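The structure appears right after this line, and notes come after that.
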Amino acid sequence: MRRLGLTLLGLVLISGSAAAQSRWPAGDEIGMANNLGPATWARCAPLLADPKAKSYEISHIRSNTMPQSPFGTPLVEKYRPTVGIPGTRHAFNGEETVSGEPGAQGTQMDALGHFAVLPEPWDGKSEFPSGRATYYGGFKQQEVKPTPDSPLQKLGIEKVPPILTTAILLDARTHLGKGKPMEPGALVTAADIEAMLKAQGLDKRGLLPGDVLYIYTGWGDGWIDPDTAKTYYTKGPGLSYDAAKYIEGKQIVLVALDNPFTDPVPDGMLIGKADPAPGTPPGLPFAIHHHNLVVAGIHNIQNANLGELAKDRVWLSCTMILPLRSRGSSGSPVRPVSIGVPGQ
């Protein structure tokens, strides 16, 4: 595998097979979020009303010193001095974003328009053929991003409805890592998901349409601020390709792992010294992003903070996820929360 610079790697992400048509009516822009509504809200009600329930933060605190993704401009915020208004007793504080891609850093959520697919792999030498890209639901580049500097006209993060639904947490750190964080490139397969559901007493309930699926791999234990080791974003475990198709079959609305990629990234893959994980389709090194966003209409959250939820064995919870309504953005910072009963 030839060495891939970060710019080239970012473009290779959208190479591969054609996008599948949505299972929803033509023109759909929200994918599996079509399953949200009174049924998922009703599933939440008993969890919210349980006097033993606790609330859990599923996001990491954002800062200038947190681990930062190589796929987005580093986020730098400047904190302004305390100032006042002449003739008043007021004093107030503020800050400004100096640089960065907020929707690509920290705990963040992908819009469906974050990824597209080409009919064949790009050679990396000719001009990038963005005009041939196809997005979720069969939308074409001209419909989604007609000019290089335009916001997304379709499939932007502002199209995501409020996600209020039940969430299943699977403890892969315990069941696959044997109590330790899963290794870089290690896979959570469809069979593993079913085995964990059974081991955690969830097999009779299973995964329901409109559920959120949280998977704790233990990789998030390495989210340390300040980030001095600079290794968190270089590798990690992730979902297998058959797991992505399994999740699609269950009509999950969103999947979140405590890792930076959702996809498995073996050590050395990002610098061209290792191949993608076994079972990855040719030309799609980030096949889980491709399948979820382009084919299935399933949103991703990266860098979910799942340690406390797993520690308290909250396997079933009510989760609330609200991305920012930034017109035409391909992602958003997000603060998911879950409410559930410890020790299930």
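Checking SER99 against (1) more than 27 Å from LEU254 (Cβ to Cβ); (2) surrounded by 14 or more Cβ atoms within 10 Å (Cβ to Cβ), only one condition comes out false. Which one?
(2)
Of everything in segment 75-91 that's assigned to a loop (DSSP other than H, G, I, E, B) and not basic (Lys, Arg), which residue is farthest from the chain's Cα centre (by Cα)?
Out of the qualifying residues, it is GLY87.
Among ASP242, ASP275, ASP227, ASP221, which is the only one that is open to solvent by 20 Å² or more (accessible area, probe 1.4 Å), in a helix (DSSP H, G or I) and touching a residue at least 60 places away in the same chain (Cβ under 8 Å)?
Result: ASP221 is the single residue among ASP242, ASP275, ASP227, ASP221 that is open to solvent by 20 Å² or more (accessible area, probe 1.4 Å), in a helix (DSSP H, G or I) and touching a residue at least 60 places away in the same chain (Cβ under 8 Å).
Looking only at segment 329-344, count how many residues are surrounded by fewer than 18 Cβ atoms within 10 Å (Cβ to Cβ) and among the small types (Gly, Ala, Ser).
Qualifying residue count, segment 329-344: 1.
Name the single residue that is farthest from ALA199 (Cα to Cα) among those in segment 314-328 being open to solvent by less than 40 Å² (accessible area, probe 1.4 Å) and assigned to a loop (DSSP other than H, G, I, E, B).
Only one residue tops the list, namely GLY328.
Here is a yes/no grid of residues against (1) open to solvent by 30 Å² or more (accessible area, probe 1.4 Å); (2) closer than 27 Å to GLN141 by Cβ:
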residue	(1), (2)
GLU248	yes, yes
ASP258	no, no
HIS290	no, yes
VAL294	no, yes
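Applying the selection to segment 181-218, what residues are open to solvent by 10 Å² or more (accessible area, probe 1.4 Å), farther than 22 Å from GLY279 by Cβ, assigned to a loop (DSSP other than H, G, I, E, B) and out of contact with any helix residue (DSSP H, G or I) (no Cβ under 7 Å at 6 or more places or on another chain)?
GLN200, GLY201, LEU202, LYS204, ARG205, LEU208, listed by residue number.
Which of (1) touching an Asp or Glu at 6+ places or on another chain (Cβ under 6 Å); (2) open to solvent by 20 Å² or more (accessible area, probe 1.4 Å); (3) without any contact (Cβ under 8 Å) to a residue 60 or more places away in the chain; (4) part of a loop (DSSP other than H, G, I, E, B) is the odd one out, the single condition GLY72 does not satisfy?
(2)
Tell me the residue from ALA133, ALA91, ALA111 that is farther than 23 Å from LEU322 by Cβ, open to solvent by less than 20 Å² (accessible area, probe 1.4 Å) and at pLDDT 95 or above, please.
One residue alone meets the criteria, ALA133.
Does LEU270 satisfy the criteria of being hydrophobic (A, V, I, L, M, F, W, C), assigned to a helix (DSSP H, G or I) and within 16 Å of TYR216 (Cα to Cα)?
So LEU270 does not fit the description; no.
The values are calculated or read from the model by the stated rules, or taken from the named source; none is laboratory data. If you're wondering where the values come from, they're calculated on a predicted model, not measured in any experiment. Note: ideal-geometry Cβ built from the backbone for every residue, glycine included; neighbour counts use all protein chains shown. Ligands, DNA and RNA are excluded from the accessible area calculation, which covers all protein heavy atoms including side chains. Shrake-Rupley method; radii C 1.70, N 1.55, O 1.52, S 1.80 Å.
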